[in-house]
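See structure below.
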Amino acid sequence: MGAVAIDPATGCLVIDGRKVFPIGLSEAPPLGGKTPDGKDAWEEVSSAGANFIRSGLREWNLQQIDNQIAGERARMDAAAAHGLFTWPRLGNAGNLPPPTTGGPPSVNEQLLVKIANGIKGHAALGAYKGVDEPALGGTPAAGLARAKTKLKATDPEHPVVITQAPLGSVADLVPYRPAFDITGADIYPVAYPPGRHSDLPNRDISVVGDVTKKMASAAGGKPIWMTLQIAWSGVLPNQQRPDLVPRFPTLHEERFMAYQAIIDGARGLVFFGGQLTQVMRPRDAKIGWNWTFWELVLRPLLVELTSPSVLPALVAPVAQAQVTASAADIELTARRSGNFLHVIAVRRGATTTQVTFTGLPRKLNGAQLTAGQVMFEYAQDPLSPPVQPDRQQFRFVKAGNGSFKDWFGPHDAHVYRFNLA
């Protein structure tokens, strides 16, 4: 395959000339696994819109490296067959010690070069995953920056992504800028009690947006991928904490968190924890992945995010139109894709009110916009003839004088589309 680039106008990936909004699974279902009804697991997740899977090893070994690379390439072959890209861990090879004058390359450097040379030409390679949560783990940035420099000398055509924990200040994270092309954080706020995963004072699920904005500040203009919750260690009962009670996001919560992250700057999303068998139904634990959560929450969300109605907004630049909301707890972004203006808005507060949006542009012919559609919300107009069964009939909102109104309850998310043609 060709190079994987970063689109400078949006921060999205460009793969084979096509802008891609990464939607990853960490971890994916087991290779060769099946869904509860017998479908191929990777075919199922791909068909719903997932396009990246985390792969690679935490510990690469110089004595076993050839076999390890062969195993990784086999996994990449399977990913490519299902239309998926891989995001392989560099693990220990992603942190290089200072070079010694006249001495041989370090073991980690030898590993890094062998990994890159072994997989860089594979069609399924999307990006490399650097050391995980390095600031939390006390891993200095210098070694990661050395690894990135060496990696780019061997494979300049694939970006390096470093994911941080949702802890620490922007100042703590800024030193890592030379070590990545893309950064982000994992943030899992759904727990008993809520908000345990972050050190920010906000314990609501809207902390996802706060962490996303923090990472955007730390990134210095580089793109952001945010990792969102299926499950995590904070909901897994263990010997030290047998009192922990498992808790999962609902579809309403997951949808809010995904759209809030997008509004606040995420140009990719990863969903973590589907492999944690300790908190699955026995049916799912037996086959190694949380298919119940997939069916109830993640699949419907991914189908929406990757639909022709919504996906163009996720890979579009921010629009010049200055759309604003009348309520202070509404977060929004306006995106222009072709002849369509998308407005993505969420309510981070707990109230239920009607909100007025202003700043809509005129149509291309100079006329006022009179209506927009609300993606994946359905309301048939009783005054209009029934629509054909094979056509989408999204709910409409009336517009006039550059504004429109709509209702928002707690953690509501609406995606509006206005035709400017």
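The values are calculated or read from the model by the stated rules, or taken from the named source; none is laboratory data. The shown structure was predicted, so the numbers you read here are calculated from the model rather than taken from an experiment. Every residue, glycine among them, receives a Cβ derived from its backbone with ideal geometry; neighbour counts consider all protein chains shown. The accessibility values were calculated without ligands, DNA or RNA, using every heavy atom of the protein model including side chains. Shrake-Rupley method; radii C 1.70, N 1.55, O 1.52, S 1.80 Å.
How many residues does the stretch 331-355 contain that are of a type in the set (Val, Ile, Thr) and more than 25 Å from the chain's Cα centre (by Cα)? Counting residues in the stretch 331-355 that are of a type in the set (Val, Ile, Thr) and more than 25 Å from the chain's Cα centre (by Cα) gives 4. Looking only at the stretch 262-293, filter to residues that are among the hydrophobic types (A, V, I, L, M, F, W, C) and farther than 30 Å from ALA219 by Cβ; which one of those is surrounded by the most Cβ atoms within 10 Å (Cβ to Cβ)? Across the stretch 262-293, the extreme among qualifying residues is TRP289. Only one of the numbered conditions (1) in contact with a Pro (Cβ under 8 Å, 6 or more places away or on another chain); (2) within 20 Å of PHE271 (Cα to Cα); (3) open to solvent by 60 Å² or more (accessible area, probe 1.4 Å) is not met by TYR128, and that is (3). Could you tell me which numbered condition PRO312 fails, if it satisfies all but one of (1) under 20 Å from ASP412 (Cβ atoms); (2) within 20 Å of the chain's Cα centre (by Cα); (3) not in a loop (DSSP other than H, G, I, E, B)? Failing condition for PRO312: (1).
Contact map, the stretch 324-340: first residue more than 12 Å from ALA413 (Cα to Cα) and in contact (Cβ under 8 Å) with a residue 60 or more places away in the chain, second residue open to solvent by 40 Å² or more (accessible area, probe 1.4 Å) and assigned to a loop (DSSP other than H, G, I, E, B), Cβ cut-off under 6 Å, separation 6 or more or different chains; pairs are ASN339/ALA421.
Taking the conditions (1) within 18 Å of ARG347 (Cα to Cα); (2) open to solvent by less than 10 Å² (accessible area, probe 1.4 Å) in turn, ALA327 satisfies each one other than (2). Of all residues in the stretch 114-124, one or more are under 30 Å from LYS34 (Cβ atoms), modelled with pLDDT of 95 or more and open to solvent by 30 Å² or more (accessible area, probe 1.4 Å).
Only one of these conditions is not met by VAL303: (1) part of a loop (DSSP other than H, G, I, E, B); (2) within 19 Å of TRP42 (Cβ to Cβ). Which number is it? With (1) part of a loop (DSSP other than H, G, I, E, B); (2) within 19 Å of TRP42 (Cβ to Cβ) applied to VAL303, the lone miss is (1).
Yes or no: GLU133 of a type in the set (Asp, Glu) and under 24 Å from the mean Cα position of the chain (by Cα)?
On the way: of a type in the set (Asp, Glu): yes; under 24 Å from the mean Cα position of the chain (by Cα): yes.
In short, yes.
The set of residues in the stretch 12-27 being touching a residue at least 40 places away in the same chain (Cβ under 8 Å) and open to solvent by 10 Å² or more (accessible area, probe 1.4 Å) consists of LYS19, GLU27. When the residues of the stretch 180-234 are filtered to those that are closer than 20 Å to ILE263 by Cα and among the basic types (Lys, Arg), the one that is least open to solvent (accessible area, probe 1.4 Å) is LYS214.
In the stretch 10-82, counting only strands (runs of 3 or more DSSP E) that sit wholly within it, the ones holding 1 or more residues that are over 30 Å from SER106 (Cβ atoms) and either touching a Ser or Thr at 6+ places or on another chain (Cβ under 9 Å) or modelled with pLDDT of 95 or more (or both) span 13-15, 18-20, 23-26.
Got a number for residues in the stretch 209-245 being of a type outside the set (A, V, I, L, M, F, W, C), part of a loop (DSSP other than H, G, I, E, B) and modelled with pLDDT of 95 or more? Walk me through it before giving the result.
Quick first cut of the stretch 209-245, residues of a type outside the set (A, V, I, L, M, F, W, C) only: 209-210, 212-214, 217, 220-223, 227, 229, 233-234, 237-243.
Checking the rest, the ones that are also part of a loop (DSSP other than H, G, I, E, B) come to 220-223, 237-243.
Filter again for modelled with pLDDT of 95 or more, leaving 220-223.
Adding up the residues that qualify gives 4.
Which residues, counting only those in the stretch 90-126, are within 13 Å of THR154 (Cβ to Cβ), part of a loop (DSSP other than H, G, I, E, B) and either under 27 Å from the mean Cα position of the chain (by Cα) or charged (D, E, K, R) (or both)? Matches in the stretch 90-126: LEU90, LYS120, GLY121.
Could you check, for the stretch 150-162, whether at least one of its residues is β-branched (Val, Ile, Thr), open to solvent by 10 Å² or more (accessible area, probe 1.4 Å) and touching a residue at least 12 places away in the same chain (Cβ under 8 Å)?
Going residue by residue through the stretch 150-162, those that are β-branched (Val, Ile, Thr) are 154, 160-162.
Applying the additional criterion that residues be open to solvent by 10 Å² or more (accessible area, probe 1.4 Å) yields 154.
Okay, now just the ones that are also touching a residue at least 12 places away in the same chain (Cβ under 8 Å), so 154.
Yes, the stretch 150-162 has at least one match.
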